[in-house]
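Throughout, read-outs are computed from the coordinates displayed, never taken from laboratory work. As the structure is a computational prediction, the values presented were derived from the model and not from experiment. Virtual Cβ from ideal backbone geometry, glycine too; neighbours counted across all protein chains shown.
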Amino acid sequence: MNSASRRQNRPPRPPVPKFRMTGAGTDTPDFLPPPRSEDSSFALSQDNTSVESEVSTDNDQYFSKKRLQSIIEQISHYAVVLDLNNEVQKCAIHFLQPELLEQIKQKKYNAIAIAALISAIKQLSLPITLKEILAKVPVSEKQIKKILFQIKVEKSQDTIQNFLKSITKQMKLNEKFYSICEIVLKGLEKYQLIGGEHENVVAGTIIKIASDMLFSGGIVPQIIADESKCSLHSIRITQ
């Protein structure tokens, strides 16, 4: 086969890319993409950071909602255990503000729920003691007090009065005795003698003072302590 025939049967060669050879011959070939600039790299980095931030925010919001829902479920459960009505539950849920939940985010859900119910009981001036509540729930007083410290509920005169009514009724003391207790309460408030004691302790102390005023020797302190759901030591210290 001569050279002419071989040239005819040879397959065609692929086209050779053309390079721009202008300048010093360092231009980018036509078939390559243009180089990425520093500005575009920075913009891409910012876009990735923005996406990661949005995902993180969405996750935080999701878990915050799940956490809040879990605490509310615990409030409903323990409200049944403690025989508390819907008004107490609603008041307890009202305390679950984002700022509070952020401060106590390491605490257990059941402890937060019980602390919120206790705060609601105080807010609504119900004559139920911490001792009575802790006897029915599986949390320690230490856990509860740490959370209660973060929930600001002012001591209410109504709560003390409700304890006085409840305790004097249980002890079968008459209206005259209760009226003396009210006079003692006003005197303690006037001279700012009510400190950080629990309302039931204050009520028990007032009953002891009133009994000493009305009866020779007064009522036996241990009886008052038992009806007030507090220790005899507490009443003696606050006198």
Charge dipole (debye, nearest 20) of region 75-231; +1 at Cβ of Lys and Arg, -1 at Cβ of Asp and Glu: 320 debye
³J(HN,Hα) computed for each position of region 216-228 - Karplus, 6.51 cos²θ - 1.76 cosθ + 1.60, integer Hz, glycine/proline x: 5, x, x, 7, 4, x, 5, 5, 5, 4, 5, 6, 8
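Would you mind calculating the gained length between Tyr109 and Gln157 on full extension (0.36 nm times residue separation, minus the Cα-Cα distance), in nm to one decimal?
Values: separation 48, 0.36 × 48 = 17.28 nm, distance 3.04 nm.
That works out to 14.2 nm of additional length.
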